[in-house]
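Trainee: Quick one: the structure is below, questions incoming.
The values are calculated or read from the model by the stated rules, or taken from the named source; none is laboratory data. Predicted model, so just to flag it, every value in this text is computed and none were measured. Heads up, the Cβs are rebuilt from the backbone with ideal geometry, glycines too, and the neighbour counts pull from every protein chain shown. For the accessible areas, the whole protein counts, side chains as well, though only heavy atoms, and no ligand, DNA or RNA atoms are used. Shrake-Rupley method; radii C 1.70, N 1.55, O 1.52, S 1.80 Å.
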Amino acid sequence: GGTGATSFSPGKIAQVTVGSTNTTKTVSNDNGWYDTNLTGSITPSASDSKVLVTVSQYLYCNESIQADARWGVKIFRDSTQIYIVNPDSTSALTYKTQMRATSSSLNGWNAQGGGFYSYITMMEILA
C-alpha cells in the first residue's frame, strides 16, 4: 500500500460503476431466456483485476394466473454467462441480465418499469 494516487493494495476497490434502467421488458406465455434491458459497463484499470458484479432486478407478474410462478436470472459479459471470472482485460466490459419463467403458459413477467428501476453494479477489485 501507499499514500500516492498510483499506489494500490491488493483487494482494494479501484472503481465502481452502476447501470440502471426503468424501461419495461415484457414477456408473456414463453419460457425462453430474454434480455431484461439492464446493462452496465466498466473499464478495468489493470488486466489482473477482478470484477464483482451485483444485480438488483425488479420483477413482477403480468398475468392473472400465477399459482406457482418461478423465474431465473443470469448475468452475462457480452454473450458469455459468467460466474466468477478474471476479465484479463483493460478494455470496456459490458454486463447484462437475462431472465426466464419456468412455464410458458402461466408465467408472464415484466422486468422493471412502472416507475421501478433495476440496477447492475460492477466493482473493480485490484489483484
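Trainee: Heads up, I need the accessible area for V53: 1.4 angstrom probe, whole protein in place, Å², nearest 10.
Mentor: Looks like 20 Å² after rounding.
Trainee: Let me ask something additional. Lysines near K25 by alpha-carbon distance under 29 Å, same-chain residues fewer than 8 away left out - which ones?
Mentor: K74, K96
Trainee: Just subtract the alpha-carbon distance of K50 and D35 from 0.36 nm times their residue separation and send over the number in nm, one decimal.
Mentor: Numbers: separation 15, 0.36 × 15 = 5.40 nm, distance 2.41 nm.
Separation in residues times 0.36 nm, less the Cα-Cα distance, equals 3.0 nm.
Trainee: With labels modelled as points extended 7 Å from the Cα through the Cβ direction, what inter-label distance (nm, one decimal) is found for T17 paired with S91?
Mentor: 1.4 nm
Trainee: Next up: Describe numerically, in nm with one decimal, the distance between label points set 7 Å from Cα along Cα→Cβ at I125 and at T102.
Mentor: Here the modelled spin labels are 3.1 nm apart.
Trainee: Starting from the Cα of T43, step 7 Å along the direction of its Cβ; do the same at N62; then give the gap between the two resulting points in nm.
Mentor: With each label point 7 Å from Cα toward Cβ, the separation is 3.5 nm.
Trainee: Separate question: With a 1.4 Å probe and every protein chain left in place, tell me how much accessible area S91 has, in Å² to the nearest 10.
Mentor: 70 Å²
Trainee: Any chance you could look up the accessible area of D48 with a 1.4 Å probe, heavy atoms only, rounded to 10 Å²?
Mentor: So the heavy atoms of D48 present about 80 Å² to solvent.
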